[in-house]
Amino acid sequence: MKSTKTDAPVLRRATGSDAAEAAGVWLRSYAAALPDVRRAHTDDEVGAWFRELLVPHRETWVAAAGDAVVAVMVLDGGELDQLYVDPPWRGRGVGDRLVDLAKRRRPDGLELWTFQVNAPARRFYERHGFVAAEHTDGARNEEREPDVRYAWHPETS
């Protein structure tokens with residue numbers, strides 16, 4: 001039975017069987033959020049990346065509503081490497097819950113990159129206490145798109 005948008009998402013570690021759905025979330029979210037940014041890899045390459053690298057070798061989390069993956073997050077050391085929410089699930093707190101999980105998993109701090117043109121993502125991360133630490137011209141990323149590195153450090157008491 002397919003899930004509906006009313007199911008409450010459960011956060012859990014991704015398994016091999018989640019890789020294809022997680023890649024689908026990434027592809028749909030990227031297309032919706034960044035329609036004018038060149039993708040550096042084909043759909044098949046993104047699927048292989050999730051199947052062969054991210055899910056088995058990185059700390060990959062999914063938000064699952066019923067039997068459907070609706071969001072994906074990848075932690076790689078101190079980097080929040082990927083955070084994508086399926087477009088119908090945006091604005092429903094799933095991303096907030098994943099960022100909170102990332103902060104619990106990396107209590108000493110996190111860094112991440114996002115594209116400068118992605119204003120909604122930038123506002124989202126800033127709302128969660130991330131601060132812009134570096135702006136680049138995009139020469140170091142595959143898309144050749146200007147980006148920004150954000151950092152979050154827990155407040156000291």
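The values are calculated or read from the model by the stated rules, or taken from the named source; none is laboratory data. These numbers were taken from a predicted model, which means no experiment stands behind them. Quick reminder, even Gly has a Cβ in these numbers, built from the backbone with ideal geometry, and neighbours come from all protein chains shown. When the accessible area is computed, the model is the full protein with side chains, heavy atoms only, and any ligands, DNA or RNA have been set aside. Shrake-Rupley method; radii C 1.70, N 1.55, O 1.52, S 1.80 Å.
When you filter the trypsin sites (Lys or Arg not before Pro) in segment 18-122 for DSSP loop state and at most 10 other Cβ atoms inside 10 Å of their Cβ, you are left with 38.
Taking amide H positions as modeled 1.01 Å from N, with prolines and chain starts lacking one, the residues under 5 Å from residue 14 and 5 or more places away or on another chain are 60, 61, 62.
In terms of accessible area, using a 1.4 Å probe and ignoring ligands and nucleic acids, 59, 45, 52 rank largest first as 52, 45, 59. In the chain, taking the dipole from charged Cβ atoms about the Cα centre, the farthest positive-side position among 30, 95, 119 is held by 95. Entry note, the chain: the mean residue ellipticity at 222 nm calculated from DSSP H runs of n ≥ 4, each adding -39500 (n - 2.57), is -8000 deg cm²/dmol after division by the residues and rounding to the nearest 500. The slack between residue 28 and residue 53, meaning 0.36 nm per residue of separation minus the straight C-alpha distance, is 7.0 nm. Remark: segment 66-83, residue by residue, has Karplus-estimated 3J(HN,Hα) of x, 9, 10, 7, 10, 7, 9, 9, 10, 9, 10, x, x, 10, 7, 7, 9, 8 Hz, where x stands for each Gly or Pro and the curve is 6.51 cos²θ - 1.76 cosθ + 1.60 at θ = phi - 60°. Ordering 108-120, 62-74 by mean Cβ neighbour count within 10 Å, with the highest value first, yields 62-74, 108-120. Remark: segment 141-153, residue by residue, has Karplus-estimated 3J(HN,Hα) of 10, 5, 7, 6, 10, x, 10, 9, 9, 10, 10, 10, 10 Hz, where x stands for each Gly or Pro and the curve is 6.51 cos²θ - 1.76 cosθ + 1.60 at θ = phi - 60°. Averaged over its residues, segment 29-87 has an accessible area of 42 Å² per residue, based on protein heavy atoms and a 1.4 Å probe.
Taking θ as phi - 60° and the Karplus parameters 6.51, -1.76 and 1.60, the scalar couplings of segment 99-116 work out to 5, 4, 4, 4, 5, 5, 6, 10, x, 7, x, 9, 10, 7, 10, 9, 6, 4 Hz in sequence order, x denoting glycine and proline.
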